[in-house]
Amino acid sequence: MSLDPQSGLRILCGLWFLPHILLKIKNANLAQETFAKVGLKPGRLFLWATILMEAVAGAGLMLNFQPRLAAALAIFVLMGASYAVLRLNGLNWRWNKGGPEFMLFWSFAIIASVA
């Protein structure tokens with residue numbers, strides 16, 4: 001069985017949500033404080049809503065189930081994360097300085113994977 005590159009990219013874009021979900025669950029207290037710190041209150045609600053959205057988006061992308069809707073949900077989450085890091089760290093661009101570079105690249109990769 002051969003996998004075309006676009007499908008491979010879509011699956012990878014979905015898989016990348018797994019470590020994000022696991023780290024949020026593992027560090028739930030810190031994560032909900034971070035949500036609250038950027039103005040997304042109550043932090044606990046936003047934490048679990050984000051985990052749910054990431055899980056649905058990631059599964060949809062990996063399983064090719066409603067991939068365009070899954071992509072839209074994934075990009076919504078990633079834009080929210082971009083907003084949060086900009087609120088926390090100011091107008092930095094690069095991911096290693098707390099900027100949204102990675103999340104924006106990931107969003108474009110998602111778009112390319114379902115276009």
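The values are calculated or read from the model by the stated rules, or taken from the named source; none is laboratory data. If you're wondering where the values come from, they're calculated on a predicted model, not measured in any experiment. Every residue, glycine as well, gets a Cβ built from its backbone with ideal geometry; the counts of neighbours run over all protein chains shown.
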Picking from Leu47, Leu40, which residue would you name as being in a helix (DSSP H, G or I) and closer than 20 Å to Leu23 by Cα?
Leu47
Among the residues of region 5-15, is any modelled with pLDDT of 95 or more and outside any helix (DSSP H, G or I)?
no
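Would you tally the residues in region 73-109 being basic (Lys, Arg), part of a helix (DSSP H, G or I) and at pLDDT below 90?
Of all residues in region 73-109, those basic (Lys, Arg) come to 87, 94, 97.
Now narrow it down to the ones that are part of a helix (DSSP H, G or I): 87, 97.
Pick out the ones that are also at pLDDT below 90 and you get 97.
Qualifying residue count, region 73-109: 1.
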Looking at this structure, is Leu88 surrounded by fewer than 13 Cβ atoms within 10 Å (Cβ to Cβ), touching a Gly at 6+ places or on another chain (Cβ under 8 Å) and among the aliphatic types (A, V, I, L, M)?
yes
Within region 53-70, is even one residue over 21 Å from Ile110 (Cα atoms) and crowded, with 16+ Cβ neighbours inside 10 Å?
no
Answer yes or no: is there a residue in region 27-50 that is crowded, with 17+ Cβ neighbours inside 10 Å and under 21 Å from Ala109 (Cβ atoms).
yes
For Leu3, the lone unmet condition from (1) in contact (Cβ under 8 Å) with a residue 24 or more places away in the chain; (2) more than 14 Å from the chain's Cα centre (by Cα) is (1)
Hits in region 1-24 (condition: surrounded by 12 or more Cβ atoms within 10 Å (Cβ to Cβ) and among the hydrophobic types (A, V, I, L, M, F, W, C)):
Leu9, Ile11, Leu12, Cys13, Leu15, Trp16, Phe17, Leu18, Ile21, Leu23
